[in-house]
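Take a look at the structure below.
The values are calculated or read from the model by the stated rules, or taken from the named source; none is laboratory data. Nothing here was measured: the structure is a model prediction, and the numbers come from that model. Neighbour counts are summed over all protein chains in view; Cβ atoms, including those assigned to glycine, are modelled from backbone coordinates with ideal geometry. Ligands, DNA and RNA are excluded from the accessible area calculation, which covers all protein heavy atoms including side chains. Shrake-Rupley method; radii C 1.70, N 1.55, O 1.52, S 1.80 Å.
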Amino acid sequence: METMTRADGQMDVAVKNPMRVQPGVARMRELTPAQRRAVMFAQQQVLKAQAAKKARDERAAARERMWQDEEAGYAKSRPAAVQNVAAESEAHDVSLREAIGHVLRDLRTRDRRTLREVSEKAGVSLGYLSEVERGQKEASSELLSSIADSLGVSTAQMLRMVADYLDSVNER
């Protein structure tokens, strides 16, 4: 609070009780208990959102490192999933449609994701995605690109995996 006194034609301003307030504290004192709870809740929500974003970024970075490592070692050996399935499908000839479906399902299950999660992210109906994975439907290039993106791989990477899978099946 300031008081003003007049002495000999001059104005003197004196400060009474200067308050030392830490930033943010004064505003909290002016709030009602309900408003304080709302502020605290909003702050918690911001912290949760920041933590979720950090976790999402870390997962994306880990996935990118995994793909870079896989591409670096790709020329040396085939992915284990391709080798395992090649032994299973020894008996019959595999079509391109079946190979694409197999690779898409393998990518999805490796990340432990459900059909629903991938279909929502890719903008494809759950039933159609299931049919593509089973090799019953042939997906367009735009649709395959959208599904690959939702699985966290590029279309080129996905097609390389399909080609390797077909090579491994045909060698048997």
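Listed here are the residues, each with its yes/no results for (1) in contact with a helix residue (DSSP H, G or I) (Cβ under 9 Å, 6 or more places away or on another chain); (2) closer than 20 Å to GLU117 by Cβ; (3) open to solvent by 50 Å² or more (accessible area, probe 1.4 Å).
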| site | (1), (2), (3) |
| --- | --- |
| GLU133 | yes, yes, no |
| GLN136 | yes, no, yes |
| SER140 | no, no, yes |
| SER145 | yes, yes, no |
| ASP149 | yes, yes, yes |
| GLN157 | yes, yes, no |
| VAL162 | yes, no, no |
| TYR165 | yes, no, no |
| VAL169 | yes, no, no |
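For ASN84, the conditions (1) polar (S, T, N, Q); (2) at pLDDT 75 or above; (3) surrounded by 11 or more Cβ atoms within 10 Å (Cβ to Cβ); (4) farther than 16 Å from ILE147 by Cα all hold with the exception of (2). Among all residues of the stretch 89-99, there is at least one that is open to solvent by less than 40 Å² (accessible area, probe 1.4 Å) and at pLDDT 90 or above. Tell me yes or no: at least one residue of the stretch 125-148 is in contact with a Ser or Thr (Cβ under 8 Å, 6 or more places away or on another chain) and charged (D, E, K, R). Checking the stretch 125-148: not a single residue is in contact with a Ser or Thr (Cβ under 8 Å, 6 or more places away or on another chain) and charged (D, E, K, R). Listed by first and then second residue, the pairs linking a residue in the stretch 149-167 that is under 14 Å from GLY101 (Cα atoms) and of a type in the set (A, V, I, L, M, F, W, C) to a residue that is outside any helix (DSSP H, G or I) and at pLDDT below 90, with Cβ atoms under 8 Å apart and 6 or more places separating them unless they lie on different chains, are LEU151/ASP111; MET161/PRO79; LEU166/VAL94. Taken together, the residues in the stretch 108-131 that are open to solvent by 30 Å² or more (accessible area, probe 1.4 Å) and among the hydroxyl-bearing types (Ser, Thr, Tyr) amount to 4.
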